Amino acid sequence: MDFRSKIAVGTALAALLATTAACTTDPETGQQRISRTAIGGIGGALGGYLLGDLVGGRHDRTEKIVGAGLGGVAGAAIGAYMDKQERELRQRTAGTDVQVVRQGDDLLLNIPSGVNFAYNSATVEPRFQQTLDNVAGVLSDPQNNRTYIDVYGHTDSIGSDAYNQNLSERRAAAVALYLESRGVLAARVATRGFGKTQPIASNETEEGRAQNRRVEIKIVPIAQSDIG
């Protein structure tokens, strides 16, 4: 492991330890979630997408949402609204390698690339389409459509920065287009490729590299206060 990798791993571990005490357990799902206070306290150590950032900025995204005729969720109802989506997504992805992580009122679906893309490819694998169909079924439901959706692409460290950046962007775009083809409104969706800059495991082993080759889908509630 090189010096930069040690720093990255050490920083992430420190942030994780710092937030352990601030985790709460959902009484319905039994899953642990990180409180907003804890997320705010770790800064950028685990990536900007943990802090509520939206691709393209909240203002521009909200204009698209309003233009598409979508409303927001009242502040007091957001928690219950996202609880419902979390339960449905866990049910629809059960038995797959997809991880559903709750972060405050946001949801993050971590999808290993081994179940969605062939090596060095940005074409969605047929075996992954059923999983994406299930995810799209939840997200496109009119009862669940008051959310922003960000799709993030990531790669391992093999290859040049430029190549991996392009590959991560193409993978994110492929998943976004697939969701839209299954009824998810395009105005809700944005994509971003991180290349190899956001590893969640060591790139020194094949197992770690496999974890780093992934796509994430972030689901953020649209609050009434967002749309005015």
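Can you list the HN-Hα couplings for the range 187-200, worked out from phi with the Karplus curve (6.51, -1.76, 1.60; θ = phi - 60°), rounded to whole Hz and with x for Gly and Pro?
For the range 187-200, the Karplus curve yields 5, 8, 10, 9, 10, 8, x, 9, x, 9, 8, 10, x, 10 Hz.
Kindly state, to the nearest 0.05, the FRET efficiency for Asp60 paired with Glu204, given R0 = 35 Å and r defined as their beta-carbon distance. Working shown, then result.
Working: r = 39 Å, r/R0 = 1.11.
With a Förster radius of 35 Å, E is 0.35.
List the residues whose amide H sits under 5 Å from the amide H of Tyr148, counting only those 5 or more places along or on another chain, with H placed 1.01 Å from N in the peptide plane.
Counting only residues 5 or more places away or on other chains, the set is Val220, Ile222.
Between Ala94 and Ala118, what length in nm is gained on full extension when 0.36 nm per residue of separation is reduced by their alpha carbon distance?
Working: separation 24, 0.36 × 24 = 8.64 nm, distance 2.20 nm.
Result: 6.4 nm gained on full extension.
Ignoring ligands, DNA and RNA, what percent of the accessible area of the range 154-227 is carbon or sulfur (1.4 Å)? Write out the running numbers ahead of the final one.
Details: 1590 of 3150 Å².
Reported share for carbon and sulfur atoms: 51 percent.
Can you give the accessible area per residue of the range 128-228, in Å², using a 1.4 Å probe?
Numbers: 3990 Å² over 101 residues.
For the range 128-228, the solvent-accessible area averages 40 Å² per residue.
Rounded to whole Hz and in sequence order, give me ³J(HN,Hα) for the range 87-93 from the Karplus expression 6.51 cos²θ - 1.76 cosθ + 1.60, θ = phi - 60°, writing x for Gly and Pro.
The phi angles translate into 4, 5, 5, 5, 5, 6, 10 Hz.
Taking a probe of 1.4 angstrom, what is the accessible area of Asp53 in Å², to the nearest 10?
Surface accessible to solvent at Asp53 totals approximately 90 Å².
Rg (Å, one decimal) plus Dmax (Å, integer) for the alpha carbons of the range 172-228?
Rg and Dmax of the range 172-228, Cα atoms, are 15.3, 49 Å.
Straight-line reach from Lys84: which aspartates and glutamates fall under 13 Å, measuring Cα to Cα and dropping same-chain residues less than 8 apart?
Asp26, Glu28, Asp105, Asp106, Asp141
The values are calculated or read from the model by the stated rules, or taken from the named source; none is laboratory data. All values derive from a computational prediction rather than experimental measurement. Backbone-built Cβ (ideal geometry, glycine too); neighbour counts: all protein chains shown. Surface areas here come from the heavy atoms of the whole protein model, side chains and all, with no ligands, DNA or RNA. Shrake-Rupley method; radii C 1.70, N 1.55, O 1.52, S 1.80 Å.
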